[in-house]
Amino acid sequence: MQPRSWPEPDPVIAAAIRSMYRGKRQPPLPVRVRDELGELFSDAEFSGAFAAEGKPGWSPGRLALITVLQRVENLTDRQAAETVRADLSWKYALGLALDDPGFDASVLSEFRTRVIAHGLEERALDLLLAKLAGKGLIGAGGKMRTDSTHVISAVRDLNRLELAGECVRAALEAISAADPGWTSRVLELSGWAERYRARVDSWRLPASQTRRDELARAYGADGYALVEAVYAPFSPAWLRNLPAVQALRVMLIQNYVRVTDRKGREVVMRRRPLEDGGEGLPPGRSRLTSPYDTDARWAAKGEDLFWNGYKLHISETCHAVNDVVDDPAECENARRGQAIAPPNLITNVATTDATVPDVAMTEKVHQHLHRRGLLPREHYVDSGYASAELIVGAREVYGLTLVTPVLLDHSPQARARKGYDRTSFTVDWAKEQVTCPQGETSASWSPCRQRGSDAIVVTFSTTSCRPCPVRMLCTTSSRERRQLTLHHQSIEQALQAARAEQTSRQWQDKYKIRAGVEGTVRQAVAVAGLRRARYRGLAKVHLEHVFSAVALNLIRLDAWWNGHPLDRTRTSHLARLELAELALAA
C-alpha cells in the first residue's frame, strides 16, 4: 500500500448530489462529512499496517471511513460493500468514480485485523478529534462526563458442565482442522464421537444430577487425556499453541483436580467452592466463560443484572444551555434550538472485561484525555468512578476537578444517625493525635496499608473508653475502645470537604449535567447496537467501540451542521432517581 491523497468527488456524482439536494433539502451525512471535514482519514496514518511491496491494496483511509459509515447505518460487511458500489453519497464521500466496482466484503474484515495487529485501534478517533480541535469545535478545559454500560459478548452463555464439554469439543475441532490425521493416530476414540459430535447447545443435558456428574467427570478425563497427548514428545510442538488447546488447559485448571483414591488410582474430580469444603474456584476476573472468547467474563450489577461479556466507558463533552454564551438573548436562542456551541462530542471510549470496576478506569481515562490534549476543567462522574485518592490526584496531577458524589460515612453511628461518627472527632495532624467529643486523646497513631491504599489507624485506650458514660454512643466493640481509620491529611480533608459540599442545593443543581450521559449510552445502544458485541475478543470489541464513537460524533455534527442539534438538556428517569437519592442522603 502506497499512501495517496483521496481524489476530489467525481463531477458527475457531485452534480447529481447537488441536483437532488438543492433548496431546503439537506444532503446526507456522507456528503456533509466530505464537504466539512475533507479527507478525514489519510492513508499515511494507517501505512504502518501494510507492506510497501506486493499486490496493491484498497485505501485504508477509505476503509476506515467506510467502517464508520457502516456503524452509522448499522450495516453488515456485505451490506457496507454493496452500499459502496450503489450509493452515490458514499461514492461522493470516498472520492470514487461512478463506475467503481468497489471491493469484496472480506476486505473489511482483513482491514480490522490489520488495524488490531498493529495497535491502531484508537487512530480513527484520534484523527477525528484532532480535525475538530483544529476547527475550534473541541479543546481542553470545559466540562466532561463519563459513564459505563454493559456489553454482552458474541458467544452463548455456558454453565460449568457445558463449558467443560465445549472446550474439549472445540480443541478436537481445532486439532482436526490443523492436522486431520492426528486424532486417529494418537487417541483412543471410543465414546468420544458420541459425546463430541455436536455442539453442547444442540442437545439437552441429562436431567439427573448423577448423570450430570458422570458426564462432568468424563469431560474432565477426556480433556486431560487430550492435553497430555498434545504435549507428548511424538506430537508436533505447534499443536499446543492452538488457541483452543490453551483454552482447554485453562478450563481444566479452573474446574478440575486430579486426586488419588484409596486404591491408588488417579481420579479426575470437579472443583468445589471453599464454602462447601472443596478446593476453591478461581475469581470471576480470571474465570473462563467460553472457549471461543477467552476475554469475556461474567459480572453482576445490583440484584437483577447479570451478563457475560465486557464493559464500555464513554466520555463526552457536556454543555449546559447557560454555558453556551453569556448573552441572555443568545441563551434564549439556544433554548429554542438555534445552537451556538458545538454539540456534545465523545472524546474517549475504553473497553474492559465485565469484572473491572469503574474506579480502576478513572486514571486511565484521564491519561487518554491528556494524550489527546482534551483534559476538561471539570469531570462529572458517578460515585463508582471516585475515591478520595482520585479526587486529590486529579487536581494535583491534571489540574481538573472530579465532580462526583463521594461515598458517605458508613460507620454504624453514621448510618444510624445517632452517636459519634467521624465528624465528631478532632484531628491534630501536627501532633498525630485525635481528640474525642469527651476530651480524651488517642493512644496510638499507626500508618498502614489497607486494600492497596495508605491509611492511618487511630486507637483510643481501653482505660479511657471503658469508664466513659457515653461509650455505647461511640463504640460497640468487644474490646471496649474506639478505633478510627483515616486517610492522609490532604486526602482526608478533601474527602470531608466533598461530603460537606455535596449536601448543598447548589452542588446538586450543578451535578445534574452528568445525567445527559445516560442519553449518550442510549444513543450508542440504539444507533450503533453496542449492547451486544459484533466480534469476539477484547481487542476487536474495543475497535468496534472506537469506530462506533466516531460514528456517533459524525451523527451529532451532521445534525448541528444542518441546524437541528440534538437536545442537550434531557434528564433520564435513572438520573432523576440518582439525584433524588442524593437529596435524601443529604
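The values are calculated or read from the model by the stated rules, or taken from the named source; none is laboratory data. Values in this document were obtained by computation on a predicted structure and should not be read as measured data. Please note: Cβ atoms are built from the backbone with ideal geometry, for glycine as well, and neighbour counts cover all protein chains shown. Remember, those area values only see protein heavy atoms, side chains included, never the ligands or the DNA or RNA. Shrake-Rupley method; radii C 1.70, N 1.55, O 1.52, S 1.80 Å.
Per-structure values
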quantity: Spin-label proximity, Lys418 to segment 472-488 - amide N less than 15 Å from point 7 Å beyond Cα toward beta carbon; calculated: 472-476
quantity: Residue pairs, from the table Lys24/Lys135; Lys24/Lys510; Lys55/Lys311, whose Cα atoms sit over 30 Å apart; calculated: Lys24/Lys510; Lys55/Lys311
quantity: Segment 96-145 shape via C-alpha gyration tensor axes, a/c threshold 1.5; calculated: oblate
quantity: Positive minus negative residues near Val541 (Lys, Arg vs Asp, Glu; Cβ under 13 Å); calculated: +3
quantity: Label point distance in nm, Asp428-Gln493, each placed 7 Å from Cα along Cα→Cβ; calculated: 1.7
quantity: For segment 417-524: Kirkwood Rh in Å [reciprocal of mean 1/r, alpha carbons]; calculated: 16.5
quantity: Approximate shape of segment 84-237 as ellipsoid semi-axes (Cα gyration tensor, √5λ), whole Å, largest first; calculated: 49, 24, 18
quantity: Value of [θ]222 nm, deg cm²/dmol, for the chain, DSSP H segments ≥ 4, -39500 (n - 2.57) each, nearest 500; calculated: -12500 deg cm²/dmol
quantity: Volume in Å³ per residue [convex hull over Cα atoms, computed for segment 157-260]; calculated: 115
quantity: At least 20 Å along the helix axis (C-alpha) and Kyte average at least 0.5, DSSP helices within the chain; calculated: 160-178, 538-561
quantity: In nm, spacing of pseudo-spin labels at Glu279 and Arg217 (7 Å Cα→C-beta vector); calculated: 1.5
quantity: D_trans [Stokes-Einstein, Kirkwood Rh over alpha-carbon pairs] for segment 5-133, 20 °C, 1.002 mPa s, µm² s⁻¹; calculated: 139
quantity: Solvent-accessible area, 1.4 Å probe, carbon plus sulfur percent, for the chain; calculated: 50
quantity: Computed Rg/Rh of segment 176-327, alpha carbon atoms with Kirkwood Rh; calculated: 1.16
quantity: Extension gain from Ala443 to Gln26, taking 0.36 nm per residue of separation minus the Cα-Cα distance; calculated: 142.6 nm
quantity: Per-selection Rg to Rh, segment 346-481 - Cα, Kirkwood hydrodynamic radius; calculated: 1.09
quantity: Peptides ranked, highest mean first, by Cβ atoms within 10 Å: ranges 419-425, 504-510; calculated: 419-425, 504-510
quantity: For segment 432-439, 3J(HN,Hα) per residue [Karplus equation, 6.51 cos²θ - 1.76 cosθ + 1.60, θ = phi - 60°, Hz, x = Gly/Pro]; calculated: 6, 8, 10, 10, 7, x, 8, x
quantity: Solvent exposure of the chain as accessible area per residue, Å², 1.4 Å probe; calculated: 50
quantity: Calculated SAXS-style log₁₀ I(q)/I(0) at q = 0.11, 0.27 Å⁻¹ - segment 225-301, Debye, Cα scatterers; calculated: -0.39, -1.23
quantity: Alpha carbon centroid spacing (whole Å) that separates segment 365-379 from segment 123-145; calculated: 10
quantity: Alpha-carbon Rg/Rh ratio, for the chain, with Rh computed the Kirkwood way; calculated: 1.05
quantity: Of Pro206, Ser184, Ala130, farthest towards positive along the dipole that unit charges on Lys, Arg, Asp, Glu beta carbons give segment 123-227; calculated: Ala130
quantity: Protection-proxy order for peptides 431-437, 95-101, each taking the mean of Cβ atoms within 10 Å per residue, highest first; calculated: 431-437, 95-101
quantity: Between segment 63-98 and segment 203-241, the Cα center-to-center distance that results, in Å; calculated: 46
quantity: Contour minus Cα-Cα distance for Ser106 and Arg160 (0.36 nm per residue); calculated: 15.9 nm
quantity: Förster radius 56 Å - calculated FRET efficiency between Glu266 and Arg479 (Cβ-Cβ, nearest 0.05); calculated: 0.65
